[in-house]
1. Which condition number in (1) within 25 Å of the chain's Cα centre (by Cα); (2) of a type outside the set (Val, Ile, Thr); (3) over 21 Å from Ile43 (Cβ atoms); (4) modelled with pLDDT of 95 or more is the one that Tyr61 fails?
2. Are any residues in segment 43-57 over 21 Å from Met106 (Cβ atoms) and open to solvent by less than 60 Å² (accessible area, probe 1.4 Å), and if so, which ones?
3. Among residues belonging to segment 124-155 that are in a loop (DSSP other than H, G, I, E, B), open to solvent by less than 100 Å² (accessible area, probe 1.4 Å) and not small (Gly, Ala, Ser), point out the one that is nearest to Leu69 (Cα to Cα).
4. Any idea which of (1) open to solvent by 90 Å² or more (accessible area, probe 1.4 Å); (2) of a type outside the set (Val, Ile, Thr); (3) on the phi < 0 side of the Ramachandran plot is the one Asn37 doesn't satisfy?
5. Which residues, counting only those in segment 70-115, are surrounded by fewer than 15 Cβ atoms within 10 Å (Cβ to Cβ) and either in a strand (DSSP E or B) or in contact with a strand residue (DSSP E or B) (Cβ under 9 Å, 6 or more places away or on another chain) (or both)?
Amino acid sequence: MVKKRIGLAMAVVMALTVLSSCKSRPKAEKHSGVFYNVFDTVITIISYQESDEEFDRLMSYAKERFAQLDKYYDIYTGYSDINNIKTINDNAGIAPVKVDREIIDMLDFAIECYGKTGGLTNIAMGSVLKEWHNAREYFEANGEGQLPDSETLKQ
């Protein structure tokens, strides 16, 4: 008799649980947004949200987060409010630099990728990137382009 009551009580609880989960919810709709000026690229975000307000909140967070990461990993511009990759490079061999944990995690990940790819993924290409950056700046200033010197790139 007790087993029947426990079984009946469990059945009622399960039925109520199933019925309460069947209540109508707003339908998620597709939203998309585009922004740029971070990482020198266009970023498109597509998300399914139940409201425009929720999507706008998430889009605002994404923009802020990408902007923060862009500053951390910027090799060309220093910022007064953070130490970033440029700060590390500028102080290489001179002084230690305290950086955010996210930069350390990214560097650890890059070292791991270097090992896993047999050196094909190498973030220590700063001197090569600098040559290409200088060539781009020359083009922007003079309206004519020239490729970096191949010997300099090899070095």
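1. Among (1) within 25 Å of the chain's Cα centre (by Cα); (2) of a type outside the set (Val, Ile, Thr); (3) over 21 Å from Ile43 (Cβ atoms); (4) modelled with pLDDT of 95 or more, the lone unmet condition for Tyr61 is (3).
2. Ile45, Ser47, Gln49, Ser51, Phe55
3. Per the criteria, the residue is Met125.
4. The single condition Asn37 does not satisfy is (3).
5. Within segment 70-115, Tyr79, Ile82, Asp100 meet the criteria.
The values are calculated or read from the model by the stated rules, or taken from the named source; none is laboratory data. Since we're looking at a predicted model, the values are computed, not measured. Neighbour counts run over all protein chains shown; Cβ positions are idealised from the backbone, glycine included. SASA here: full protein model, heavy atoms, side chains in, ligands and nucleic acids out. Shrake-Rupley method; radii C 1.70, N 1.55, O 1.52, S 1.80 Å.
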